[in-house]
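Student: Submitted below is the structure of interest, expressed as structure tokens.
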Amino acid sequence: MSVGKTIKMLRQLKGVDQSTIASDAGISTSYLSQIENDLKNPTLDIVQKIADTLEVDMVVLFVLSKKLDDVPEPKRELFKKLREMAQSELFTLFD
């Protein structure tokens, strides 16, 4: 899953519309839509602003967007632990 798709998934899970996230992150709704649909690659600054708006650490966005198959074999166990931690942080958003 891409960072854009991860942003979209988290936004939808939180029940927030694009215009709210875009406004809070200081970007246009159309730009957020392009990010979510993998038509634009946001800067790290924009990803940080979106993550802040979603109330999630930017690292969580990247970890959740990475596929296990894309991680070199020697690093997969560490990646699995990071993903578990990211998912755990995500679940705290809904408590």
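The values are calculated or read from the model by the stated rules, or taken from the named source; none is laboratory data. Please read these numbers as outputs of a predicted model, since none were measured by experiment. Here the Cβ is made from the backbone with ideal geometry for all residues, glycine too, and neighbour counts use every protein chain on show.
Student: Of (1) touching a helix residue (DSSP H, G or I) at 6+ places or on another chain (Cβ under 8 Å); (2) on the phi < 0 side of the Ramachandran plot; (3) not acidic (Asp, Glu), Gly26 satisfies all except one. Which?
Tutor: The failed condition is (2).
Student: I'd like the residue in region 1-43 that is among the polar types (S, T, N, Q) and outside any helix (DSSP H, G or I) and, out of all such residues, is surrounded by the most Cβ atoms within 10 Å (Cβ to Cβ).
Tutor: Taking region 1-43 as the starting set, the residues that turn out to be among the polar types (S, T, N, Q) are 2, 6, 12, 18-20, 23, 28-30, 33-34, 37, 41, 43.
Now drop any that are not outside any helix (DSSP H, G or I), which leaves 2, 28, 37, 41, 43.
Details: Ser2: 15, Ser28: 13, Asn37: 12, Asn41: 12, Thr43: 8.
The selected residue is Ser2.
Student: State which residue pairs qualify: first residue exposed (fewer than 10 other Cβ atoms within 10 Å of the Cβ) and inside region 75-95, second residue at pLDDT 80 or above in any location, beta carbons under 9 Å apart, and separation of 6 or more residues or different chains.
Tutor: Close Cβ pairs satisfying both conditions: Phe94/Leu13; Phe94/Lys14.
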